[in-house]
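Please read the structure below before turning to the comments.
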Amino acid sequence: MEKIKSSVVERFLSYVSFDTQSDDASQTTPSTHKQWKLANALKAEMEAIGLEDISLDEHAYLMATLPANQLPVTGYQLPIIGFIAHLDTSPDMSGTNVKPRIVTHYDGQDILLNEQENIVLSPDLFPELLNHLGEDLIVTDGTTLLGADDKAGIAEIMTAIDYLKQHPEIPHGKIRIAFNPDEEIGRGAHLFDVQKFGCDWAYTMDGSERGELEYENFNAAAATIRIKGLNVHPGYAKDKMLNASLIARDFIDLLPEEETPDCTSGYEGFYHLTSMSGTVEEATLSYIVRDHDAQKFDKRLQLLQETTDKLNKIYPAGTVTLLIKQQYRNMREIVEPQKHIIELAEKAMKQAGITPIVRPIRGGTDGAQLSFKGLPCPNIFAGGLNFHGRYEFIPIQSMEAAVQVIINIITQ
Ligand SMILES: [Zn+2]
């Protein structure tokens, strides 16, 4: 297993040297040309390992096969299982010139990331560090993100597949792997060719803390509320003026005050006012609406409609308009009927000595979209913490554990 450890680390350090930041202002896929560099390097690596059916399409979706080496018993077809990770890193923080450093045998003290700029990774602010006492942490130099999200996932998948390729005596079925661009801007799954991937189910290696196993995410919609006012000279406005900004305030007041992201956790949904702008003449409110429970989610959207209707009765009809855009749905309804997908991952973790942490995701994943495209796809930990920022770090022991989990799933 020392071999696995050194090769997953070596791969990870090599992949984070590629800047693959995505850009949501771009209309193309991949959103940034630089993601191609990592895709091409991985393709070459797949060829060197000797994988089959390697394909890199015009949108930088890279796929490959580790063929089965076990003859199926008559009448029983082994499932084809997939593993997926994403090439890009978050637009929130620079991924240029990442300078990773390994802190061996972490002692629980502050880690000075950058002496010049006095950037410190401290357990006071990030107590999760203390879950990794004695482990070896890969950290940044404080000026960029690390990119463990999701280059750790890529390194883990490649290392597991490489290991199995080098150990033909270990029997397994057909395995497919895929790396996609643009997950961080919510566009990782839309051009993912599920048919071509051809798996019965798959796992994204894109979770955080060791043990995480996720198959419930939010149902999600975006709502835009537009309010038309009527501007009149304020000196002569009595009974005439309609101030759109004040009507926008009424709308906000009519929603439950404590159902906001800062007041909710676990399975509690929310209305999140992401932006507001207004003059007397017109005002716009933008909300995102989230709930794990499909019925409660529908009720939330209904409340937005009722609020709109209510205000249109108080003010002239058509003053308030509501536009709802569905975004993604909870994959639970797809994954749960096939409980073996979850049970297999749980078993693989326990075999690796890891207690599965099953938690609802308070967000969405590529896996949710893929699930609704016909590829049930829970999310497994990749091991990194404090994603999308300068304090991102990953324990090497978590990467090693993730490789073991992948191997365990494949060799059940
Ligand atoms: Zn990710």
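The values are calculated or read from the model by the stated rules, or taken from the named source; none is laboratory data. Please read all numbers here as calculations on a predicted model, not as lab measurements. Ideal geometry is used to build each Cβ from the backbone, glycine not excepted, and the neighbour counts take in all protein chains shown.
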Q | Cross-chain or 6+ apart pairs with Cβ under 6 Å, region 76-96 first and more than 20 Å from A382 (Cα to Cα), then assigned to a loop (DSSP other than H, G, I, E, B) and of a type in the set (G, A, S) | A | L78/G173
Q) Among the residues of region 267-282, which ones are touching a Phe, Trp or Tyr at 6+ places or on another chain (Cβ under 6 Å) and of a type in the set (F, W, Y)? A) Y271
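Residues checked against (1) among the polar types (S, T, N, Q); (2) away from the ligand (no atom under 15 Å from the Cβ); (3) surrounded by fewer than 21 Cβ atoms within 10 Å (Cβ to Cβ):
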residue	(1), (2), (3)
G173	no, yes, yes
F179	no, no, no
M205	no, no, no
E209	no, no, yes
Q: Working only within region 136-149, note down all residues that are touching a Leu at 6+ places or on another chain (Cβ under 8 Å) and not hydrophobic (A, V, I, L, M, F, W, C).
A: T140, D141, G142
Q: Run D107 past the list (1) crowded, with 17+ Cβ neighbours inside 10 Å; (2) over 15 Å from G147 (Cβ atoms) and report the number of the one that doesn't hold.
A: (1)
(Q) Please count how many residues of region 257-266 are surrounded by fewer than 13 Cβ atoms within 10 Å (Cβ to Cβ) and assigned to a loop (DSSP other than H, G, I, E, B). (A) 4
(Q) Tell me the residue from E392, E400 that is in contact with a Leu (Cβ under 6 Å, 6 or more places away or on another chain), modelled with pLDDT of 95 or more, surrounded by 19 or more Cβ atoms within 10 Å (Cβ to Cβ) and among the acidic types (D, E), please. (A) E392
Q.
Considering only residues that are modelled with pLDDT of 95 or more and either of a type in the set (S, T, Y) or loosely packed, with under 15 Cβ neighbours inside 10 Å (or both), which ones fall in region 7-26?
A. S7, E10, S14, Y15, S17, T20, S22, S26
**Q.** The one condition in (1) in contact (Cβ under 8 Å) with a residue 24 or more places away in the chain; (2) in a helix (DSSP H, G or I) that E10 fails to fulfil
**A.** (1)
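Take residues that are within 16 Å of the ligand (Cβ to nearest atom) and not small (G, A, S) and tell me which of the strands (runs of 3 or more DSSP E) falling wholly in region 79-118 contain 2 or more.
Numbers: elements: 81-86, 101-103, 111-114.
Once the strands (runs of 3 or more DSSP E) in region 79-118 are filtered for at least 2 residues that are within 16 Å of the ligand (Cβ to nearest atom) and not small (G, A, S), what remains is 81-86.
May I ask you to list the residues in region 372-382 that are within 16 Å of the ligand (Cβ to nearest atom) and either outside any loop (DSSP other than H, G, I, E, B) or of a type outside the set (A, V, I, L, M, F, W, C) (or both)? Reasoning before the result, please.
Here is the first cut: in region 372-382, the residues within 16 Å of the ligand (Cβ to nearest atom) are 377-382.
Scanning region 372-382 gives P378, N379, I380, F381.
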**Q.** Listing of strands (runs of 3 or more DSSP E) fully contained in region 186-250 that carry 3 or more residues being under 30 Å from L129 (Cα atoms) and under 15 Å from the mean Cα position of the chain (by Cα)
**A.** 201-207, 212-214
Q: Find the residue count for region 127-151, including only residues that are on the phi < 0 side of the Ramachandran plot, away from the ligand (no atom under 16 Å from the Cβ) and of a type outside the set (V, I, T).
A: 11
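Residue-by-condition table, conditions (1) modelled with pLDDT of 95 or more; (2) surrounded by 20 or more Cβ atoms within 10 Å (Cβ to Cβ); (3) outside any helix (DSSP H, G or I); (4) in contact with an Asp or Glu (Cβ under 7 Å, 6 or more places away or on another chain):
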| position | (1), (2), (3), (4) |
| --- | --- |
| K299 | yes, no, no, no |
| I354 | yes, yes, yes, no |
| G363 | no, no, yes, no |
| A368 | no, yes, no, no |
